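Engineer: My structure is below; once you've seen it, I'll send some questions.
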């Protein structure tokens, strides 16, 4: 395969990819079967260290568990980040099991059940309110438990972020409270027995343009300053979300992180400190922290030709790594970086389609990719698989067994 930024930092020895310093073929033996996901703990730690070096000291760094809630990954990150953002009772339990302080956990997402909200109130996590009704439910649960809920208001901003892979704010949304309605909610919160701590604003995800991210962060802070005068108490918590993207495809270019850090430093100095001196910004990242640390490994089972096209059939597929297949055909499909991990660049390139083991033509992991004469038994590696892989895929589809996961 042609060089891709995804391969930067991965070692190769004797034409074999190393994951966590372990040759891929030996790692496959240790895991015991394919397919599997492997996450490199050093790459995760290096990414956090890079973020720490660039982001202002006044900025907290939280990990969004939805990107990869594997307990071992979260345990590893617990000593590296300042807190976790969760979106379910299960993710809350995994976060609490790491030993992180409950008030360093934020719980966001629409449709939280009473059981989930009650658990969050009881543990002292910060509940990011998505609606007026949710605020009233949380207050009632707090009264029932005899505990003052700790809450923040999630704002659906009055602007749209261009260039995001997924828009999470602006216009009509199921996420958060429309910015123009937030003052009314804040006045209502002032009559409730709750601990108000601040705001959450998340406008979009998977953005590779530092200037767009900088613009969105500036607009978010200006919006919060306008709303702060309606707050029932000082703003101490300000979650600006994340949205930092990683390069999946050949034309993608890595995010200019230094530019993002410089912009945030300026915003802290010119907006945050003068107007909300008690507030501390949190940047909440998932994909950007773990996405490039992970690989999905699947073994070649068959190789066949059909009317001029060569197919390489593997024992994994879209049921484990849905995004790489094109999300059930609903997106313009482009190849994730892909290679033969046990024979990196060894042999003459052959143009093939890499397909999974499912009975659907949508089970396509690589289309017209150049691999070095793939053979039965070779290990096909999909890079950029550390985030939104296993838990974002239809693992029950056709009843194949779930893949293993390992942190090395």
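Engineer: Quickly run through segment 10-59 and pick out the residues that are under 20 Å from the mean Cα position of the chain (by Cα), farther than 30 Å from residue 357 by Cα and part of a loop (DSSP other than H, G, I, E, B).
Structural biologist: First, the residues of segment 10-59 that are under 20 Å from the mean Cα position of the chain (by Cα): 36-52, 54-55, 59.
Then drop every residue that is not farther than 30 Å from residue 357 by Cα, which leaves 42-52, 54-55, 59.
Scanning segment 10-59 gives 55, 59.
Engineer: Quick check on residue 153: is it modelled with pLDDT of 95 or more and either in a strand (DSSP E or B) or within 28 Å of residue 80 (Cβ to Cβ) (or both)?
Structural biologist: It is true that residue 153 is modelled with pLDDT of 95 or more and either in a strand (DSSP E or B) or within 28 Å of residue 80 (Cβ to Cβ) (or both).
Engineer: State yes or no: is residue 67 buried (at least 21 other Cβ atoms within 10 Å of the Cβ) and within 16 Å of the chain's Cα centre (by Cα)?
Structural biologist: So residue 67 passes the test.
Engineer: Let me ask something else about it. For segment 70-88, name all the residues that are in a helix (DSSP H, G or I), in contact (Cβ under 8 Å) with a residue 60 or more places away in the chain and surrounded by fewer than 22 Cβ atoms within 10 Å (Cβ to Cβ). Talk me through it step by step, then tell me what you get.
Structural biologist: Just the residues of segment 70-88 that are in a helix (DSSP H, G or I), to begin with: 71-78.
Narrowing further to those that are in contact (Cβ under 8 Å) with a residue 60 or more places away in the chain: 72-73, 76-77.
Once the filter is applied, which keeps residues that are in a helix (DSSP H, G or I), in contact (Cβ under 8 Å) with a residue 60 or more places away in the chain and surrounded by fewer than 22 Cβ atoms within 10 Å (Cβ to Cβ), segment 70-88 yields 72, 76.
Engineer: Looking at (1) out of contact with any strand residue (DSSP E or B) (no Cβ under 7 Å at 6 or more places or on another chain); (2) surrounded by 21 or more Cβ atoms within 10 Å (Cβ to Cβ); (3) not in a helix (DSSP H, G or I), which is the one condition that is false for residue 91?
Structural biologist: (3)
Engineer: Just wondering, is there one or more residues in segment 24-37 that are surrounded by fewer than 17 Cβ atoms within 10 Å (Cβ to Cβ) and either in contact with a helix residue (DSSP H, G or I) (Cβ under 9 Å, 6 or more places away or on another chain) or assigned by TED's automatic domain parsing to the domain that holds residue 176 (or both)?
Structural biologist: No: zero hits.
Engineer: Another question about this same structure. Checking residue 8 against (1) out of contact with any strand residue (DSSP E or B) (no Cβ under 8 Å at 6 or more places or on another chain); (2) farther than 23 Å from residue 248 by Cα; (3) free of Cβ contacts under 8 Å to residues at least 40 places away in the same chain: exactly one of these is not met. Which one?
Structural biologist: Exception for residue 8: condition (2).
Engineer: Run down 339, 323, 387 and say which single residue is modelled with pLDDT under 95 and either closer than 28 Å to residue 11 by Cα or surrounded by 15 or more Cβ atoms within 10 Å (Cβ to Cβ) (or both).
Structural biologist: 323
Engineer: Out of curiosity, is residue 107 surrounded by 21 or more Cβ atoms within 10 Å (Cβ to Cβ), in contact with a strand residue (DSSP E or B) (Cβ under 6 Å, 6 or more places away or on another chain) and outside the structural domain of residue 242 (by TED's automatic domain parsing)?
Structural biologist: No.
Engineer: Also: Does residue 41 satisfy the criteria of being at pLDDT 95 or above, exposed (fewer than 14 other Cβ atoms within 10 Å of the Cβ) and either in contact with a helix residue (DSSP H, G or I) (Cβ under 6 Å, 6 or more places away or on another chain) or assigned by TED's automatic domain parsing to the domain that holds residue 324 (or both)?
Structural biologist: no
Engineer: Can you spot a residue in segment 300-316 that is on the phi > 0 side of the Ramachandran plot and either under 23 Å from the mean Cα position of the chain (by Cα) or without any contact (Cβ under 8 Å) to a residue 12 or more places away in the chain (or both)?
Structural biologist: Scanning segment 300-316 turns up at least one residue that is on the phi > 0 side of the Ramachandran plot and either under 23 Å from the mean Cα position of the chain (by Cα) or without any contact (Cβ under 8 Å) to a residue 12 or more places away in the chain (or both).
Engineer: How many of the residues in segment 349-408 are on the phi > 0 side of the Ramachandran plot and touching a residue at least 40 places away in the same chain (Cβ under 8 Å)?
Structural biologist: 4
Engineer: What helices (runs of 4 or more DSSP H), lying completely within segment 175-293, carry at least 2 residues that are surrounded by fewer than 17 Cβ atoms within 10 Å (Cβ to Cβ)?
Structural biologist: 182-189, 210-228, 257-267
Engineer: Of all residues in segment 121-150 being part of a loop (DSSP other than H, G, I, E, B) and surrounded by fewer than 24 Cβ atoms within 10 Å (Cβ to Cβ), which is farthest from the chain's Cα centre (by Cα)? Even if it seems obvious, please write down each step before you answer.
Structural biologist: Taking segment 121-150 and keeping what is part of a loop (DSSP other than H, G, I, E, B), we get 124-125, 130-131, 146-149.
So of that shortlist, the ones also surrounded by fewer than 24 Cβ atoms within 10 Å (Cβ to Cβ) come out as 124, 130-131, 146-148.
On the way: 124: 24, 130: 20, 131: 24, 146: 34, 147: 31, 148: 30 Å.
My answer is 146.
The values are calculated or read from the model by the stated rules, or taken from the named source; none is laboratory data. As the structure is a computational prediction, the values presented were derived from the model and not from experiment. When we count neighbours, we look across all protein chains shown, and the Cβ atoms used for this are built from the backbone with ideal geometry, even at glycine.
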